[in-house]
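Let me begin by presenting the structure, written as structure tokens, before commenting on it.
Please treat every number below as a calculation from the coordinates, not as lab data. Everything numeric in this text was worked out from a predicted model, so none of it was measured. Note: ideal-geometry Cβ built from the backbone for every residue, glycine included; neighbour counts use all protein chains shown.
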Amino acid sequence: MATTKLFLIAGIPATGKTTYGNDLAAQFRFAHHDIEHSATVNRLLINPMAFIEELKQHSKHIVATWGFNPEHQASVSAVLEFKKSGFKMIWLDGNRPAALRKFIRRGTVPEICFYLQMYRIEVTGIIDTIKPIVINPLTHKNSSSQLPLFLKKSINLTRNARPPAKQALGLRAPALLTPLVPSLKTDRAVGS
């Protein structure tokens, strides 16, 4: 009997949250719920528990994607409700200059929105609050990583997941996927 797979993918702007959600749907038959749409986020925020239970009734494998505002307490509470309901938290982060370049190329909202969201992420310490698995989807070549490999590894993240490692000065080491690097100690300072 197959295990239920539940993921919430969040993270910094322009790291491919929606793209990865779409690919999980297309390649692995996940139900993808893009919470970026205002009607969807409004339904979620009215009653997070009911919204999540409704999602779980309609599909065994679910991926929700959401670039939520970490200063908005109702959004943070909804994210924590996803976690409480069994969703694995995945945070996409990494080469931030490459993400900014992708964000600018996308051109859907003003560049200042990127900086505002990055500020919110840092000031709130949201990564420490939601304690996700941190994945760097951007390679040193500033392009998306091999998507099929990332997706296949994502499917197996439900066992033996560890919290992300930290860099010196208390910053995250987003390039590390600790569940796939079992020898990594989370208390060891590393560079990215």
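Looking only at residues that are touching a residue at least 60 places away in the same chain (Cβ under 8 Å) and among the aliphatic types (A, V, I, L, M) in the range 80-119, which one is surrounded by the most Cβ atoms within 10 Å (Cβ to Cβ)? By that ranking, first place goes to Leu92.
Of all the criteria given as (1) in contact (Cβ under 8 Å) with a residue 12 or more places away in the chain; (2) at positive phi, the one not satisfied by Asp34 is (2).
Only a single criterion out of (1) small (Gly, Ala, Ser); (2) surrounded by 22 or more Cβ atoms within 10 Å (Cβ to Cβ); (3) in contact with a Ser or Thr (Cβ under 9 Å, 6 or more places away or on another chain) is not satisfied by Ala14, namely (3).
Among the criteria (1) among the β-branched types (Val, Ile, Thr); (2) surrounded by fewer than 17 Cβ atoms within 10 Å (Cβ to Cβ); (3) within 24 Å of Tyr119 (Cα to Cα), the one Ile35 does not fulfil is (2).
The set of residues in the range 17-32 being surrounded by fewer than 16 Cβ atoms within 10 Å (Cβ to Cβ) and not β-branched (Val, Ile, Thr) consists of Ala26, Gln27, Phe28, Arg29.
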